Structure formats: C-alpha cells, structure tokens
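Student: The structure is given below, and queries will be raised subsequently.
What follows is calculated from the coordinates using simple rules that are stated; it is not laboratory data. All figures in this text were calculated on a predicted structure; none of them were measured in a lab. Cβ placement follows ideal geometry from the backbone for every residue including glycine, while neighbour counts extend to all protein chains displayed.
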Amino acid sequence: MVRDRRIIFTASFLRAVANGLIGVLAGIYLAQLGLDPAAWGAVLGAGIAGTAVGAAGVMFWGDRIGRKRWLVGLGVLAAAGGIAFAFSSQIVVLGVAAFLGMLNSLGKDRAAALAIEQAILPSTGDDAGRTRAFAWYNVIQDVGHALGAALAVLPPLLRDFAAVDALDSLRAAVILYAALYAVTAILYLGLSSQAESPTAVLRVEVSPQSRSILAKMSFLFALDSFAGGFQGSALFAYFFHAQFGASEAAIGMLFVGARIMNAFSHLGAAWLAARIGLVNTMVFTHTPSSLLTFTIPFTGSFEIAAVLFLLREGLSEMDVPTRQSYLMAVVRPEERTFAGGVTNLVRMCARAIAPVFAGSAMQALTLGAPIMAAAGLKILYDALLYVSFRKLKAPEER
C-alpha cells in the first residue's frame with residue numbers, strides 16, 4: 001500500500017497545481033471573454049455542479065465500478081473539459097465544458113476524486129497515524145495549490161516577453177490546467193488491487209448509526225460549503241482585482257502565501273487534534289478564521305486586505321484534515337467510499353449554487369457582500385457542528 005499512497009500523493013499534488021492555477025485565473029479569463037460577473041458566476045457554478053454529479057457517481061457506484069477506474073475516468077473528463085473550456089467563447093459551451101470537466105474554480109481541491117482518495121488512505125496505516133496521514137496529504141496539496149497560484153504569473157510573462165495578447169495568454173494557462181489533469185489519469189493506472197474496497201458489493205449497506213451520523217454531517221457540510229462557495233479563490237481573485245486593481249501576478253503571489261499558511265495549519269491541526277480532539281480542533285480554529293474573513297471587505301488597501309487574508313488562511317484549513325479523518329473514523333471501513341461520496345456530493349451541490357448568488361450580489365450590491373455573508377454562515381456552521389458531535393469520539397480518543 002506504500003506505492004498506492006505515493007501515487008495518491010503525487011496525483012493529488014498535480015491536481016492541486018491545476019486547481020490552484022484555475023482558481024486564480026478562471027474569473028479573470030471569463031471576464032476577458034466579455035462575460036459579466038453574473039454570467040461567469042453561472043459558468044463557475046456549472047463546473048462545481050459537475051463535480052457534484054461526479055461525487056454522486058462515486059457515492060453510488062464507486063466501489064462497484066472500482067476506485068481505480070473512477071480515478072482514471074475523472075482525470076480524463078477533467079482534461080477534456082479543460083481543453084473545451086480553453087477553446088470556446090460561447091457561454092453555453094463554456095458552461096457545458098465546465099460541467100462535464102468538473103472545472104474546479106475554488107482554488108482548493110474539492111474534486112470527486114477526493115472522496116475516493118480519502119477512502120483509500122485509512123487502509124494504508126493504523127488509527128493512531130490516520131490523522132497524520134491526512135495532514136500530510138493536505139500539506140502536499142497545499143504545496144500544489146501554492147505552485148498553481150504561482151503559475152498565475154504565466155499570462156503576464158507571455159504578454160510581456162512573448163508578445164502574446166491578453167486572451168491567448170490566459171488560454172495557455174487553461175491548457176496547462178487540462179494537461180496536468182491528463183497526467184493524473186495516467187498515474188492512477190498504477191494503483192494496485194489493494195486500493196479497492198475490501199467488500200465491493202452491488203448495493204451499499206449503511207448501518208443505522210452511520211446513517212444518522214452521515215445525515216447530520218451532510219446537512220452541516222452543505223451549510224459550510226454553501227458559505228465556502230461565496231469565497232472561492234476565483235471570487236476572491238476577482239474581488240482583489242476589481243476592488244484594488246491587483247494584477248494576476250500579485251494575486252497569484254498572495255495565493256502562494258495562502259497555501260503556505262494552509263500547509264502549516266494542516267500540520268498544526270494533527271498536533272492539536274492529538275491534544276484536544278478532532279471536533280474541538282475543527283471548531284475552535286474555524287470560527288476565528290471567519291471573523292478575520294468578515295473584516296476583509298472593510299479594508300482600504302490591497303496590502304491590508306492581503307495581510308488579513310493570510311491570517312485567515314492560517315486558520316481556515318485546520319478543520320480539513322481533522323474533518324476528513326473524523327469522518328473516516330466514525331463509519332465502518334466498508335462504508336468509507338459511500339461516506340466520502342455522500343458528504344462530497346452535498347458539499348458540491350451546495351457550493352455549485354453559491355457562485356451564481358455571489359456573482360449577482362457583487363453586481364447588485366457590493367463586491368464584498370458575498371465575503372461577509374460567507375463569514376456569518378460559517379460561524380453558524382461551527383456552532384452547530386460542536387453541539388452535534390462534541391460527544392462522539394474517534395476510536396483513538398475513546
């Protein structure tokens with residue numbers, strides 16, 4: 001299983017690079033094509049909706065069809081969708097390409113493949129090392145996200161040194177996004193049979209206890225993801241670009257710093273969870289990050305907003321490895337693919353509609369309206385999560 005873990009880590013790294021790149025440039029690219037915020041918000045929402053459909057497929061047929069086959073197929077679809085996205089300017093075609101390619105404009109990996117990888121990882125170690133494995137999994141993705149954000153300097157470089165026009169320079173970055181996904185599909189071909197579910201059946205049987213847990217988690221994760229959809233990387237990038245006139249390169253460098261902060265927070269999350277518990281770590285780090293988020297629209301300069309954004313990123317991701325580890329710990333091993341699929345599905349469904357509202361709110365109200373709304377919803381999520389799960393412990397905490 002060591003080889004399988006290495007393949008997962010490498011493929012997730014490349015996928016993160018792709019997502020980090022498109023997260024910075026998607027909104028700017030669509031605006032360059034002539035779409036207004038409401039229109040490109042709908043296109044980005046279509047991409048997240050496609051991810052939701054992929055998550056639904058994983059939930060119902062992930063173990064039946066096979067985890068390896070799913071991962072390869074998802075990589076191929078994303079690559080094909082990215083190519084179509086790069087060579088079209090019609091909103092309908094862009095929306096279809098984003099949907100079929102499950103284009104992820106969030107700047108962070110929330111793809112359907114995530115659910116399958118999360119189902120495989122716990123079997124590569126014991127309970128005591130599970131959270132640490134998820135922490136490193138997320139750190140590797142953080143590095144990928146940072147590199148992807150740094151690659152946002154590619155369009156300005158092409159414009160300045162290769163005399164490429166603005167639209168074609170952005171299109172080149174989208175093509176790179178598609179190529180990275182194509183490489184992940186090739187890597188997944190190397191997964192062994194041990195990556196598959198130990199009990200692959202035609203119909204997933206979920207215990208009553210797990211059903212109750214998943215129902216509560218699904219509602220809470222949907223609330224959190226709806227809020228997160230109001231502050232995805234593409235929307236934040238557009239906010240910094242429109243509000244302060246920040247360039248793609250400056251925004252890219254900011255997102256590099258954000259992913260570095262995420263990496264430290266993920267490692268810190270594993271250390272903190274071992275001392276105060278997974279649920280406490282999720283809640284007590286997430287709420288302060290939301291309070292920081294709320295202040296960003298009230299700043300008067302890009303520099304101050306950037307500092308607040310980085311502080312927020314140092315806390316906002318500490319719930320990610322702990323949440324992933326906690327979910328896989330409180331359901332049975334044969335339920336993990338389904339659990340990852342159903343929670344990813346509700347997260348993506350909720351997140352898919354958020355960019356539409358966010359783009360419309362930016363256009364009708366203020367640029368900062370979606371960011372403030374997201375902060376309030378996330379604080380509500382933290383309170384409900386603590387009340388619902390503070391007494392349910394992971395095996396290593398009992």
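Student: Given the options H145, H286, H266, which has the most mean-square fluctuation in a GNM of the chain, springs set between C-alpha atoms less than 10 angstrom apart?
Tutor: H286
Student: So, one more: Place a +1 charge on the Cβ of each Lys and Arg in the chain and a -1 charge on the Cβ of each Asp and Glu, then give the dipole magnitude about the Cα centre in debye, rounded to the nearest 20.
Tutor: 940 debye
Student: Quick check: the distance between the Cα centres of the range 265-324 and the range 38-109, to the nearest angstrom?
Tutor: 28 Å
Student: Can you sort M328, M253 from fewest to most other Cβ atoms within 10 Å of each residue's own Cβ?
Tutor: Numbers: M328 23, M253 19.
So the residues, fewest neighbours to most, are M253, M328.
Student: Of T285, T299, how do they rank once you tally other Cβ atoms within 10 Å and put the fewest first?
Tutor: Taking fewest neighbouring Cβ atoms as first place, the list is T299, T285.
Student: What's the angle, to the nearest 10 degrees (0 to 90), between helix 369-389's Cα axis and the longest principal axis of the chain?
Tutor: The two axes meet at around 10 degrees.
Student: With angles folded into 0 to 90 degrees, how steeply does helix 166-188 sit against the dominant principal axis of the chain? Use alpha carbons for both and round to 10.
Tutor: Between the helix axis and the principal axis of the chain, the angle is about 20 degrees.
Student: For the range 276-342, just say rounded, prolate or oblate: build the C-alpha gyration tensor, square-root its eigenvalues into a ≥ b ≥ c, call rounded for a/c under 1.5, and beyond that prolate if a/b exceeds b/c, oblate if not. Intermediate results must be reported in sequence, preceding the final value.
Tutor: Numbers: a/c = 4.21, a/b = 2.74, b/c = 1.54.
Since a/c reaches 1.5 and a/b is larger than b/c, the shape of the range 276-342 is classed as prolate.
Student: Treating the angle as unsigned and between 0 and 90°, give the value, to the nearest 10°, between the Cα long axis of helix 278-295 and the longest Cα principal axis of the chain.
Tutor: 20 degrees
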